[in-house]
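All remarks here apply to the structure that follows.
Quick note: the coordinates plus some simple rules give every number you see, no bench work behind them. In this text the structure is predicted, and so the values were computed from the model without any measurement. Using ideal geometry, Cβ is built from the backbone for each residue, glycine included, and neighbour counts are taken over all protein chains shown.
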Amino acid sequence: MKLFTKEILKKLPSIEATAETSIKDLTVHCKLFNPTGAGTWYLYAYNPEEKLAMAFCNLGDSEMAEIGYLSIEELEAYRGRFGLGIERDIHFQSMPLQNVIDKVKAGGHV
């Protein structure tokens, strides 16, 4: 599965464009997840030249989830159990980053 569609790439602003933006003003446009284990990434900015994204990352412990840089090349290369790679949630609808953070930190799912 392709991690990004053309529509998602059009929506994701550059990392540089979001550097001074408040979390309350950012929008998550893509959710990636590990179908065979822990790991969910909510992307809100992307640098296609470096294949780096900014995302809210939950690696299985909602209390420790945090914002950080994410290597898309590493996610594309990853293979988990049964040889499955990282997948994109095709049903995810764009939503404010603050809403995602609040739900995940409360132990919920987005």
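In the structure displayed, which of Lys2/Lys51; Lys10/Lys105; Lys2/Lys105; Lys51/Lys105 lie more than 25 Å apart, Cα to Cα?
Details: Lys2/Lys51 14 Å; Lys10/Lys105 28 Å; Lys2/Lys105 28 Å; Lys51/Lys105 27 Å.
Exceeds cut-off: Lys10/Lys105; Lys2/Lys105; Lys51/Lys105.
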**Prompt:** Reachable aspartates and glutamates from Lys31, Cα under 12 Å, same-chain residues fewer than 8 places away excluded?
**Reply:** Glu87, Asp89
**Message:** I'd like the GluC sites (Glu not before Pro) in the chain restricted to DSSP loop residues with at most 16 other Cβ atoms within 10 Å, sorted by number.
**Reply:** Glu20, Glu49, Glu50
**Fill in**
Scalar couplings 3J(HN,Hα) for the stretch 67-78 by Karplus 6.51 cos²θ - 1.76 cosθ + 1.60 (θ = phi - 60°), nearest whole Hz, x for Gly and Pro, are 8, x, 7, 9, 7, 5, 4, 5, 5, 5, 7, 5
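So what is the 222 nm mean residue ellipticity for the chain from helices alone, if each DSSP H run of at least 4 adds -39500 (n - 2.57) and you divide by all residues, rounding to the nearest 500 deg cm²/dmol? It would help to have the intermediate numbers written out before the result.
On the way: 3 runs with 21 residues, N = 110.
After summing the helix terms and dividing by the residues of the chain, the value is -5000 deg cm²/dmol.
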**Request:** Scan the stretch 54-93 for chymotrypsin sites (Phe, Trp or Tyr not before Pro) in coil per DSSP, keeping those whose Cβ has at most 15 other Cβ atoms within 10 Å, and list them by number.
**Result:** Tyr78
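In debye to the nearest 20, how big a dipole does the stretch 39-110 give about its Cα centre with +1 on each Lys and Arg Cβ and -1 on each Asp and Glu Cβ? Walk me through the numbers before you get to the answer.
Numbers: 6 positive and 11 negative charges, 48 e Å.
Dipole of the stretch 39-110, to the nearest 20 debye: 220 debye.
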**Request:** Evaluate the distance, in nm, between pseudo-label points positioned 7 Å from the Cα of Thr36 and of Gln98 along their respective Cα→Cβ axes.
**Result:** 4.0 nm
